[in-house]
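Just so it is clear, none of the values below were taken in a lab; they were calculated from the coordinates. Please read these numbers as outputs of a predicted model, since none were measured by experiment. Cβ sites come from the backbone with ideal geometry, for glycine too, and all protein chains shown count toward neighbours.
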Amino acid sequence: MYDVVLLSLAEGSGSADACGGGCGGGGCGSPAAEAAVCAPRTPVLACADALRKAGARVETVMAASDKEIDAVLARFDGPARPDGLTWPDPDTRLRLVVATATDGQLRAVVRRLVRRYAPPPSKRPADLDDVRTVPDLPPLAILPLDRGNKDDLAAQLGLPRTPEEVAAAVLTGPVRRLDLLRNDGGSVTLDGALLGGADDNGRAVPWRGRVEVDDALLTDGEEPVLACAVGNAGGYAEFDGFRLLADGDPTDGRVEVAVAVPIVVKQRFRGTKIRIEVRRARGRAVSVLPREGDLQFLDDGVAGSTSRKRSWWTEPGAWAVYAG
């Protein structure tokens, strides 16, 4: 029977640090407050019970830092290789369930998997797929802590949502491999990113930037852009009432990109009007170069900004989930 690790991230952050210094580091205040933040949630306990009932050996881990996540992931390392690279063990009997309150928490775990197993360019091994920079990452099961959320990545992928269904999937379900987006900021994207900010009333604030997908130029940076969606799945398909992405397919080996550009249309005897033109392209890689100031974005639900060129590229089938 399998050993299963149920990994939860301390809540309050998409990067796993909920209490400043992390649980146990004095950042949560009193011991009672620290225990409240770091205690396993009810779905985690229910999933653990279902796994034990099925005969699995279960360990629950609450991580509040990258170091604590890494300690769990190190257990998936394979035997030593002649080239000295750290590589996942394809024959492991260990299974991983990640309990997530947000897609950003799930991304935090996958990001650490990539950091652990991606070889440096100077040590690229011959057995690594030509279209990838990382090996097949160990599969994981997603345990949503908010079962009512219909927009998270688990819902988009049609994955199990109840603790009992997740337990069954990790023990007997098939593995479904999915594309991963890496970016030159050192992180990863599972669902997608939306570039562009909004004012206090929720209206898009125009910005300028050069957006390229492989050899296709969507905008040269001279015209205003309302929004740019970089999609692996379909979470950022719509913005401000209009459709950006045609569809989200995290298994086709391509990133889908769309920009929404306001176009002034002159009407004879009726003045002018504004229509929104959506330009789309699909490819292996996309780059966005802001022309002026900081460009706001949401990446897997995590807010950020950049004033420099940002690039994403596709890693086909790099990560995987246990499906129902």
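Are there any trypsin sites (Lys or Arg not before Pro) in region 119-224 that are in a DSSP loop and have at most 12 other Cβ atoms within 10 Å? List them by number. Can you show the working numbers first?
Details: sites: LYS123, ARG132, ARG147, LYS150, ARG161, ARG176, ARG177, ARG182, ARG203, ARG208, ARG210; in loops: ARG132, ARG147, LYS150, ARG161, ARG203, ARG208.
Qualifying residues, ordered by number: LYS150, ARG203.
If the only charges are +1 at each Lys and Arg Cβ and -1 at each Asp and Glu Cβ, what is the size of the charge dipole of region 206-248 around the Cα centre, to the nearest 20 debye?
Working: 3 positive and 9 negative charges, 35 e Å.
Value, rounded to 20: 160 debye.
Largest mean-square fluctuation among SER122, SER187, SER65, in a Gaussian network model of the chain whose springs join Cα atoms under 10 Å apart, belongs to SER122.
Just tell me the longest site-free run in the chain, where the sites are GluC sites (Glu not before Pro) in a DSSP loop having at most 10 other beta-carbon atoms within 10 Å.
Looking at the chain, 1-221 is the longest stretch - no exposed GluC sites (Glu not before Pro) with at most 10 other Cβ atoms within 10 Å.
For the pair ARG177 and ALA303, the difference between a 0.36 nm per residue extended length and the Cα-Cα distance amounts to 42.7 nm. Mind running the shape call on region 162-214? Use the C-alpha gyration tensor, a ≥ b ≥ c as the square roots of the eigenvalues: rounded below 1.5 for a/c, prolate if a/b tops b/c, oblate otherwise. It is oblate, given that a/c is not under 1.5 and a/b is not larger than b/c.
Dipole size in debye (nearest 20) for region 228-324 around its Cα centre, Lys and Arg Cβ +1, Asp and Glu Cβ -1?
Details: 15 positive and 12 negative charges, 167 e Å.
With Lys and Arg at +1 and Asp and Glu at -1, about 800 debye.
Checking the a/c ratio against 1.5 first, then a/b against b/c, what shape does the Cα gyration tensor give for region 79-210?
Because a/c hits 1.5 or more and a/b fails to exceed b/c, region 79-210 counts as oblate.
Look at the dipole of the chain built from charges on Cβ: of VAL264, VAL188, VAL213, the Cα furthest out on the positive end belongs to VAL264.
Counting only DSSP beta bridges whose two residues both lie in the chain, roughly 75 percent are antiparallel.
If you take the square roots of the eigenvalues of the alpha-carbon gyration tensor of region 38-133 and sort them as a ≥ b ≥ c, do you get rounded (a/c under 1.5), prolate (a/b over b/c) or oblate? Mind dumping the intermediate values first?
Working: a/c = 2.61, a/b = 1.79, b/c = 1.46.
Prolate.
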